[in-house]
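**Student:** Next up is a structure, given as structure tokens.
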Amino acid sequence: MVSRGLKRKLWNRFMLALTVVATAAALVPLASILYYVAVRGLPALNLDFFTKLPAAVGEPGGGLANAILGTIILVLLAGAMAVPVGILTGIYLAEFGRGRLAWTVRFLCDVLTGVPSIIVGIVVYSTVVLTMKRFSALAGGIALAIIMIPLVARTTEEILRLVPQSLREASLALGATRVRTVRSVVLRSAMGGIITGVMLATARIAGETAPLLFTALNSRYWPGGLTDHIASLPVYIFTYSTTPYEELHRLAWGAALILVVMVLTTSIAARLAARRLNGGR
Amino acid sequence: MVGKAGRGKIKDTLFAGISGLAALSIIFIIIVMLYELVVGAGPALARFGWDFLTGTRWDPVREQFGAWPLIYGTLVSSFVALALAVPLSLGIAIYLAELAPPWLREPVAFLVELLAAIPSVVYGLWGLFVLVPWLRTTVQPFLGNTLGFLPLFQGPPLGMGMLAAGLVLAIMILPIITSITREVLLAVPSSQREAMLALGATRWETIRMAVLPYGRSGIVGAVILGLGRALGETMAVTMVIGNRPQVSLSLFHPGQTIASVIANEFTEGFNEMHLSALLASALLLFVITLLVNILARLMVWRMNKIPQGVSRE
């Protein structure tokens, strides 16, 4: 008969070992995804991929230059709308907001982060696309901006809250106005953190596909004006991978590699910078 | 001088006003969403009423719209994901917060969070060309042979289907459940552990009886937050679930979720009623995820004020 003490000890060992197994198991899909994206994506990359438009179905060759450019344009558009609104919202929550309104906004920010991105796409379709009567880069940018605003707002708020109260008091005691205090003292000392937050949010929206399906749509041509539909890497990955053509699958993997490199470098750089700002915490 | 001070005051008020306006935009966005979905869903809800929720046929060609197969697919794929992801996430969080050597903690936590940075469509691509073939040739024949007596694992091994969707979702929600649980565990005071260890408990007993119960509400919040993600996840699911609106007990069979049916059919809506039915399902998804997220936030907030965003490491 095994003694009770020994049984407890063995059980302890077993459960602790299981946590190690769980950790190892979680890293397997990460390794597999990165491996396949690299191995299948690399052969698809050549000069044509970065410089040419997609070939007609059935024709060999062609590239996804328009989709790379399109993704960059969409992300910049979204950023141009979401960064000011997001940062201002964060400033409101951290510096001015009191009582029920601030609580509501903070809460809805978190809720908005949890709204499925496809629903953002549908709503922008019903409002912007139907009003303009066309799919457009602008609509795509707005959809991405709606996803980005709450992310930027909440990070900005958190960062501003880390700025010591004494800095604000010192500035106000010198006779500076609230605006001046926020601009020259609070924002300045929080700038690094805010930029990091914006980078993380950018990395997040760059890979979004669902909100673009009914807003920016897709395009076989170079990006035109803001009111034209526009190509993007995520949408091309989706459409190409669901066709039966080998050649297009190859391009989809190439696009995935580019997208993953773009997203991961941005997000890793932001995280490393954040760690440095937090004093190596 | 008075004029200057006065101007300063005006500027202050103006600035506070502008930032308040930006903040109001959040409320505005949520209201517009709700309004558009309700108005769009109107015709379908008026025509089908409660049958919209319970009807089992989703047939755009015959204009029959019962959303039950979609609701069923959404719930089942999400619960498969939770069943796989929750034990794993708890294990990882416990390992990272309680057991791992200090030099290993940050790098591993970093790698787990990288999973959250990979775009959904890339999960879909990987799922379609790597996971699905593996399920078809290896996993499903094995499950069919050993556990085939269960209705869950019957039918031909197609690869694509509920099981594939659940698996991909599990990988996608793992990082969020893990990182919040880990923070909750780190916030448990060490006196809890010391007291338990001093009583002669083993490490595992300490974790099970003193640490996990202390963080229960935060952990449950993390799981619900993961559920919210899974319910609304679109691209990856659309690419591997097989897209057939049917109710079937077997996880080997193809299915359809609310999000995937929208992604598939919205741009090629056959008619007004079809579009309205899609908007009605979107409304349903919106309300469900809203409730789930509110519940989760309240639980995590109650546990402790966990900083969001960058400061969260």
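None of the figures in this text is laboratory data; all of them are computed from the coordinates on show. Here the structure is a predicted model, which is why all the values come from computation and not from measurement. Reconstructed Cβ throughout: ideal geometry from the backbone, glycine too, with neighbour counts over all protein chains shown.
**Student:** So what's the convex hull volume per residue for the Cα atoms of the protein assembly as shown, in Å³? Show your work: numbers first, answer last.
**Tutor:** Numbers: hull volume 109.7 nm³, N = 594.
Roughly 185 Å³ of hull volume per residue.
**Student:** What is the distance in Å between the Cα centres of region A:138-199 and region B:75-144?
**Tutor:** Comparing the Cα centres of region A:138-199 and region B:75-144, I get a distance of 35 Å.
**Student:** Still on this model: Can you give me the orientation-averaged projected area of the convex hull built on the Cα atoms of region A:4-44, in nm²? Don't skip to the answer; put the middle values down first.
**Tutor:** Values: hull surface 10.5 nm².
Over every viewing direction, the Cα hull of region A:4-44 projects on average to 2.6 nm².
**Student:** How high is the relative contact order of chain A, in percent, counting Cα pairs under 8 Å that sit 6 or more residues apart? It would help to have the intermediate numbers written out before the result.
**Tutor:** Numbers: 360 pairs, mean separation 70.6, N = 281.
For chain A, the relative contact order is 25 percent.
**Student:** Per-residue Cβ counts within 10 Å, from other chains only, averaged over B:196-205: what number is that? Kindly include the intermediate steps, with their values, before the conclusion.
**Tutor:** On the way: counts 0, 0, 0, 0, 2, 2, 9, 4, 10, 4.
Across the residues of B:196-205, the mean count of other-chain Cβ atoms within 10 Å is 3.
**Student:** So what is the relative contact order of region A:144-281, in percent, for Cα pairs below 8 Å that sit 6 or more residues apart? Display every interim value, and only then the final one.
**Tutor:** Numbers: 118 pairs, mean separation 32.6, N = 138.
The normalised contact order for region A:144-281 reaches 24 percent.
**Student:** Counting each DSSP H run of 4 or more residues in chain B as -39500 (n - 2.57), what helix-only mean residue ellipticity at 222 nm follows after dividing by all residues, to the nearest 500 deg cm²/dmol?
**Tutor:** Working: 13 runs with 210 residues, N = 313.
It comes out at -22500 deg cm²/dmol, rounded to the nearest 500.
**Student:** Residues of A:182-193, mean number of Cβ from any other protein chain within 10 Å of their own Cβ, rounded to a whole number?
**Tutor:** Whole-number average of other-chain Cβ neighbours for A:182-193 is 1.
**Student:** Please identify, among A:Asn46, A:Asn12, A:Asn66, the residue showing maximal mean-square fluctuation in a Gaussian network model of chain A using a 10 angstrom Cα cutoff.
**Tutor:** Highest fluctuation of the listed residues: A:Asn12.
**Student:** Still on this structure, please answer the following. Cut-off 10 angstrom, C-alpha nodes, Gaussian network model of chain A. Which of A:Ile147, A:Ile91, A:Ile33 fluctuates the most?
**Tutor:** A:Ile33
**Student:** With springs only between Cα atoms under 10 Å, which of A:Gly41, A:Gly225, A:Gly99 fluctuates most in a Gaussian network model of chain A?
**Tutor:** For chain A, modelled as a Gaussian network with Cα springs under 10 Å, the answer is A:Gly99.
**Student:** Report the relative contact order of region B:2-311, percent, no decimals, based on alpha-carbon pairs under 8 angstrom and at least 6 residues apart.
**Tutor:** Numbers: 420 pairs, mean separation 82.7, N = 310.
So the answer I get is 27 percent.
**Student:** If we sort B:184-194, A:117-127, A:211-221, B:229-239 on the protection proxy, mean other Cβ atoms within 10 Å, highest first, what's the order? Walk me through the intermediate numbers first.
**Tutor:** Values: B:184-194: 15.4, A:117-127: 25.7, A:211-221: 24.2, B:229-239: 28.1.
Ranking the peptides B:184-194, A:117-127, A:211-221, B:229-239 by packing returns B:229-239, A:117-127, A:211-221, B:184-194.
**Student:** Under a cut-off of 14 Å between alpha-carbon atoms, report the aspartates and glutamates in cross-link reach of A:Lys9, not counting same-chain residues fewer than 8 places apart.
**Tutor:** B:Glu205
**Student:** Shape of region A:47-277 from its Cα gyration tensor (a ≥ b ≥ c, root eigenvalues): rounded if a/c is under 1.5, otherwise prolate when a/b > b/c, or oblate?
**Tutor:** Values: a/c = 2.80, a/b = 2.03, b/c = 1.38.
The shape class here is prolate.
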